[in-house]
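Here's the structure, in structure tokens; my notes come after.
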């Protein structure tokens, strides 16, 4: 059994069983799960999510579902949740009346995150969403040490204090921390307006990362794209 794209492999397996063991095997497939862009769910696909919180944090897991397109949310809520048809119909009506409220995505994200990570994981995802996406207008300098230490919805990296004391260009900083696999990738996304440091869009690839950038004399917040957040601790 498997996805419909594996039909050839599956039928070959049944033939192998017939020839080698003289046995009889049965095969069936299910429609392939795809995203709105046509991509499938799988570890070889870009942007996939893992059930293991060590690979995809509850926050990142929640964000995947909450950011689903309307088309995907309408399809996925029927596949990945145990909500009744009546509940789903009601949610769809709410969504159609006020799509900006994203009730469909919120219900989908809550149901799947709770199922995979439990109620506690869902609460952590909500708390981190609040921290990372709410009150963006508040001065980043007002963030406390407790804020950084309890933030769970980010990937964490350490970076040498000596490099900060010297002053390092932002492209090298992003590559050396491991946030980007190469300087070329970092430079390209900066030029495309997709990188923020301490909630400020980076517009210059020659920006210097030094002591003046540190929050609480120790931390740097980095955002890559829409929902990839990183916390760099200087030590």
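When residue 134 is evaluated against the numbered criteria (1) more than 15 Å from the chain's Cα centre (by Cα); (2) surrounded by 14 or more Cβ atoms within 10 Å (Cβ to Cβ); (3) modelled with pLDDT under 95, which criterion, by number, is the only one it fails?
Of everything listed in (1) more than 15 Å from the chain's Cα centre (by Cα); (2) surrounded by 14 or more Cβ atoms within 10 Å (Cβ to Cβ); (3) modelled with pLDDT under 95, residue 134 misses just condition (2).
Scanning for something part of a helix (DSSP H, G or I) and either at negative phi or outside the structural domain of residue 57 (by TED's automatic domain parsing) (or both), does segment 194-210 turn up at least one residue?
Among the residues of segment 194-210, not one is part of a helix (DSSP H, G or I) and either at negative phi or outside the structural domain of residue 57 (by TED's automatic domain parsing) (or both), which makes the answer no.
Might you check whether a residue that is part of a helix (DSSP H, G or I) and modelled with pLDDT under 95 occurs anywhere in segment 166-176?
Within segment 166-176 (the criterion being part of a helix (DSSP H, G or I) and modelled with pLDDT under 95), the answer is yes, since at least one residue qualifies.
If we keep just the residues of segment 49-77 that are over 20 Å from residue 118 (Cα atoms) and without any contact (Cβ under 8 Å) to a residue 40 or more places away in the chain, which is surrounded by the fewest Cβ atoms within 10 Å (Cβ to Cβ)?
71
All but one of (1) under 25 Å from residue 154 (Cβ atoms); (2) surrounded by fewer than 14 Cβ atoms within 10 Å (Cβ to Cβ); (3) free of Cβ contacts under 8 Å to residues at least 40 places away in the same chain hold for residue 31, so report the exception by its number.
(1)
Kindly indicate which of 86, 119, 166, 146 is loosely packed, with under 12 Cβ neighbours inside 10 Å and closer than 30 Å to residue 185 by Cα.
166
The values are calculated or read from the model by the stated rules, or taken from the named source; none is laboratory data. Model, not experiment: these values are computed from the prediction. Note: ideal-geometry Cβ built from the backbone for every residue, glycine included; neighbour counts use all protein chains shown.
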